[in-house]
Amino acid sequence: MTEWVCAGVCAALSGLLRALISLVVVAPPYVFLYPLVLLATLLAGWRSGVYGLTMILLGVWYMVLHPAQFGPLTPGEGAALVLNALSGLAVIAVAQAFRTSYRVAEAERAAKLEVRDLLLRELNHRVKNNFQMVESLLDMQRRRAAAASTEQALADALRRVHSMAQAHANLYSPEEAGEAIDLGAYLGDLCENLSDSLLLTGDVRLDSWLTSCRCDRDRAVAVGLVVNELVTNAAKYAFPGGRSGRILVSLKQIEVGCELTVADNGVGMPPEAQINSRGLGRKLVEGFARQTGGILTRGGGPGVSHTLVLPH
């Protein structure tokens, strides 16, 4: 049914366009035969092209060569009709070959995408299992550690591995096909997870003020790890002795890109925990900041604030 409808529309369009042109100049009888036969074939297949070609040829014979009747054709008219019919069939053959090759290519592309998605799901599953195994091993070692410093170091390593696992789970799911993600939405989820995992009480709040900012996935992971380190350091050092306070994570659009700020109103970090020390925290934050391609700076008090500018 679709083939007949497409053929009929193309044939009617051929006659209408020729009639309109004939109002201005003398139009050849077969002026729109080839493009509209080509269109019918590409849209609905070779049968539609043959139907359309037949309708157009009969229409030319009935309406142009001998108006309102199928009169006898002169040798020249008959030869022209046959020649255009053969040429139309050649156009149909070429168009059908193109249509077939396109559909085969689309089927191959769909099959490759299906295989890619399957491999990606399998890879994500294996990565998730590996993260869980590493977390379990670190937690086991932490529980067996005799020294408090060793237990704290293993707890910090466990938290960092958990943050990477969360980033992978949030940003590399098979359902998310695009490369760019909303960094603001991702950091909002991250802040909720941090607030739960750090066991922040009502006296210490983790607030976020985040605007939408598009960012590629690998860059977003590094930004999330920077936020994780800075928020954790603030929760550990900024509010000693049950002191109340607030940690704020903000993200806003600026002229050169996006600006991320992590700030607190606490007492500030002790020298051994400051970002300009030579400790592991400083190296991790600066390393993750370099991965983002941004510029990390430290602001003044009260408390501690860090700003990461992410250029476009």
Efficiency of FRET between Asp182 and Arg126 - r from beta-carbon atoms, R0 25 angstrom, step 0.05: 0.40
Ranking by accessible area, most exposed first, for Arg116, Arg282 with a 1.4 Å probe: Arg116, Arg282
Over the chain: helical MRE at 222 nm, DSSP H runs n ≥ 4 each giving -39500 (n - 2.57), nearest 500: -21500 deg cm²/dmol
(i) 26.1; (ii) 22.9; (iii) 14.5, with the label sought being that of the calculated mean projected area of the Cα convex hull in nm²: (i)
Carbon and sulfur %, accessible surface of the chain computed with the full protein complex present, 1.4 Å: 62
Distant-in-sequence amide H partners of Ile247 (H built 1.01 Å from N, under 5 Å): Arg205, Leu206, Asp207
Spacing of the two label points (7 Å from each Cα toward its C-beta) at Val94 and Arg205, in nm: 7.2
Candidate aspartates and glutamates - alpha carbon under 17 Å from Lys112, same-chain residues fewer than 8 apart omitted: Glu122, Glu175
Any cysteine of the chain lacking a neighbouring Cys Cβ under 4.7 Å - listed by number: Cys6, Cys10, Cys191, Cys215
Within straight-line cross-link reach of Lys236, lysines at Cα separation under 25 Å, skipping those fewer than 8 residues along the same chain: Lys283
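Mind checking the dipole of the chain: about its Cα centre, +1 per Lys or Arg Cβ, -1 per Asp or Glu Cβ, Debye to the nearest 20?
Values: 28 positive and 28 negative charges, 94 e Å.
Its charge dipole is roughly 440 debye.
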Label-point separation, Leu58 to Val26 (7 Å along Cα→Cβ), nm: 2.9
Around Leu251: net Lys/Arg minus Asp/Glu count, Cβ-Cβ under 11 Å: -1
Where the chain is the region considered: accessible area per residue in Å², 1.4 Å probe: 57
Mean Kyte hydropathy of 1.0 or more with a Cα span along the axis of at least 27 Å, helices from DSSP in the chain: 2-22
Label-to-label distance, nm, for residues given as Ser212 and Thr307 (7 Å Cα→Cβ offset): 2.5
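The values are calculated or read from the model by the stated rules, or taken from the named source; none is laboratory data. The shown structure was predicted, so the numbers you read here are calculated from the model rather than taken from an experiment. Methodologically, a virtual Cβ is constructed for each residue, glycine included, from the backbone with ideal geometry; neighbour enumeration extends over all protein chains shown. Surface areas here come from the heavy atoms of the whole protein model, side chains and all, with no ligands, DNA or RNA. Shrake-Rupley method; radii C 1.70, N 1.55, O 1.52, S 1.80 Å.
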